[in-house]
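Report on the structure given below.
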Amino acid sequence: MGNATDLVASAGMPAAFAASVLDAFRARIGEDRFAVWFGDAVCAVESSADQSAVQVVLTAGSGFTHEWLRRTFHAEFATAVREAGGPAIATVWRPQAASVSAEQAVASGPDEGQGGATRTGRSQPSARGSKPVPRGRRGDTPPAAAPRPGRELSVVSRPVASAANPARRQPLRLGDFVVGPSNRMAFAAVELAAARPGEMSPLVVHGPSGVGKTHLVEAACDRARELHPGLTAVCLSAEQFTTAFLQSLHAGGLPGFRRTCRSADVLVIDDLQFFVGKKATLLELQQTLDALLRQGRQVIFACDRELDALPDLGADLLTRLRGGMVARLLPPDFDVRRGIVAAVCGKRGLALPDDVIHYVATSMTRHARELLGAVNRLEATSHMLGVPVTLEMAQEALSDLVRSSGRSVRLADIERAVCKAFGIESGTLQSSRRARSASHPRMLAMFLARKHTQAALAEIGGYFGRRSHSTVIAAQKAVGEWVAKGSPVVLADATWDVEEAIRRVEDVLRAG
């Protein structure tokens with residue numbers, strides 16, 4: 001076997017060798033542990049001055065975290081280097097350079113900056129390198145560092161644009177939210193929560209991705225500050241809350257973390273579903289919610305599914321959430337989609353003819369992000385060609401996006417269309433009820449799922465109340481017989497002609 005330099009050269013080095021070392025290291029410690037502790041680590045190969053030897057340098061963590069990582073994972077990393085290149089290659093651990101992040105969810109306490117981060121809702125810089133503590137691995141939890149006198153940890157909200165940092169997006173405002181039948185209830189609930197904090201608490205806004213949940217809950221903070229000067233509003237993602245809690249727990253700053261969250265007049269937490277499986281954080285969240293409710297404060301959550309679909313949050317927390325206000329956001333209907341396109345174009349000064357706006361709103365039906373992507377594509381195409389946007393240009397420029405948007409109907413779309421067409425309460429189709437007012441709509445939904453989606457029998461049965469594939473086959477056969485005989489069907493305590501009922505649901509599906 002040659003020397004270390006020869007080995008590196010023969011492997012097509014140094015970049016390929018560094019990558020193979022990280023792959024071997026990842027395989028040894030496991031994908032989850034690697035992602036948590038070394039997701040931002042840098043592996044490089046360095047040669048000595050005379051090119052006679054090489055060493056593998058791993059840059060990971062900083063300060064106390066770096067030392068803990070080196071002690072904990074040194075043996076596994078050295079073994080990975082030997083596996084990749086042989087015993088002649090040395091290993092070196094280096095701490096990451098000190099840097100700051102405006103996105104950090106934990107910052108130094110009230111002595112840092114005028115007014116404090118929690119009063120302004122703007123992020124303050126904090127050192128990177130600290131990571132959330134993974135669960136379920138013995139030896140992966142570093143010992144708590146001693147707290148510094150006179151300092152405490154506090155939660156800050158998501159950053160907004162400023163003259164010093166123009167890359168940040170502008171704060172989201174309720175006035176920019178396009179309201180329609182699909183989101184009117186949720187919008188009204190958020191307006192009331194911002195105008196009269198504490199009267200409708202906790203408020204839970206839920207819906208699929210891309211329907212405006214984050215826009216609404218962040219805009220609630222902005223509106224509350226506007227209506228109530230001096231009010232403390234904290235807006236966090238669930239990941240930020242979790243990271244801040246764990247860092248505070250292990251750095252001796254838990255009292256400061258709790259003081260920040262539990263003294264907020266308005267606390268907004270996005271992505272509630274992220275807390276599933278995090279028992280310690282869930283307990284902290286429940287205690288924080290209890291403290292705020294006792295003080296009459298406003299708490300707002302956003303999540304991507306109904307509360308009934310989140311049983312792992314725990315019965316106690318779910319009971320508290322249901323005791324407030326739960327508002328559902330549906331995928332945007334045509335009027336909302338058209339309003340979104342028009343509003344975005346108006347802000348950008350992009351002149352789109354009415355027929356183009358209609359085409360975009362009709363073709364991109366899944367969520368608001370698709371609409372924004374379509375407007376971006378049209379603006380870029382117009383700039384590239386140096387001509388105004390026309391319907392023919394839009395059809396050509398957006399052809400691939402339109403195919404992607406319209407390629408399939410989802411089971412959730414079928415459920416929503418059946419419920420909307422006949423005024424059925426959400427969740428009925430997935431319940432265990434056997435009354436005809438529930439079983440007939442469920443059977444109709446399964447029939448339409450077989451007709452309009454590519455979902456397997458087992459997937460359809462699982463979606464509509466964890467039923468077997470044989471139940472789906474029976475439902476498809478029964479509805480087919482109803483159609484053949486022209487039989488009436490009971491839907492939401494009313495009797496319908498089955499063909500008329502099917503057409504009604506399909507009209508809702510086409511309208512989006």
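The values are calculated or read from the model by the stated rules, or taken from the named source; none is laboratory data. Computed from a prediction, not measured in an experiment: that's the story for all the values here. Note: ideal-geometry Cβ built from the backbone for every residue, glycine included; neighbour counts use all protein chains shown.
Worth pointing out:
- Test: residue in region 256-263 that is under 14 Å from residue 324 (Cβ atoms), surrounded by fewer than 24 Cβ atoms within 10 Å (Cβ to Cβ) and of a type outside the set (Gly, Ala, Ser): no
- Summed over region 393-404, the residues that are outside any loop (DSSP other than H, G, I, E, B) and within 27 Å of the chain's Cα centre (by Cα) give a count of 5.
- Criterion (touching a residue at least 12 places away in the same chain (Cβ under 8 Å), assigned by TED's automatic domain parsing to the domain that holds residue 176 and under 26 Å from residue 179 (Cβ atoms)) met by exactly one of 251, 219: 219
- Of the residues 508, 489, the single one that is modelled with pLDDT under 85, closer than 28 Å to residue 181 by Cβ and not in a helix (DSSP H, G or I) is 489.
- Within region 472-503, the only residue that satisfies the criterion of being surrounded by fewer than 18 Cβ atoms within 10 Å (Cβ to Cβ) and touching a Leu at 6+ places or on another chain (Cβ under 9 Å) is 473.
- Contact map, region 355-367: first residue assigned by TED's automatic domain parsing to the domain that holds residue 390, second residue charged (D, E, K, R) and not in a helix (DSSP H, G or I), Cβ cut-off under 9 Å, separation 6 or more or different chains; pairs are 366/410.
- Condition check for residue 384: of a type in the set (A, V, I, L, M, F, W, C), under 25 Å from residue 492 (Cβ atoms) and either outside any loop (DSSP other than H, G, I, E, B) or modelled with pLDDT under 85 (or both): no
- Residue match in region 363-385 (condition: surrounded by 19 or more Cβ atoms within 10 Å (Cβ to Cβ), touching a Pro at 6+ places or on another chain (Cβ under 7 Å) and basic (Lys, Arg)): yes
- Of the residues 21, 45, 81, the single one that is part of a strand (DSSP E or B) and modelled with pLDDT of 70 or more is 45.
- Residue count, region 319-356 (criterion: under 20 Å from the mean Cα position of the chain (by Cα) and assigned to a helix (DSSP H, G or I)): 1
- Per the listing 330, 321, 307, the residue uniquely out of contact with any Gly (no Cβ under 9 Å at 6 or more places or on another chain) and crowded, with 19+ Cβ neighbours inside 10 Å is 321.
- Where a residue in region 327-345 is farther than 28 Å from residue 307 by Cβ and its partner, wherever it lies, is β-branched (Val, Ile, Thr) and at pLDDT below 85, with Cβ under 9 Å and at least six apart: 334/362; 334/365; 338/362
- Residue check for residue 185: part of a loop (DSSP other than H, G, I, E, B), of a type in the set (A, V, I, L, M, F, W, C) and surrounded by fewer than 23 Cβ atoms within 10 Å (Cβ to Cβ): no
- Looking only at region 48-78, and only at residues there that are farther than 29 Å from residue 242 by Cβ and of a type in the set (Val, Ile, Thr), the one that is modelled with the lowest pLDDT: 54
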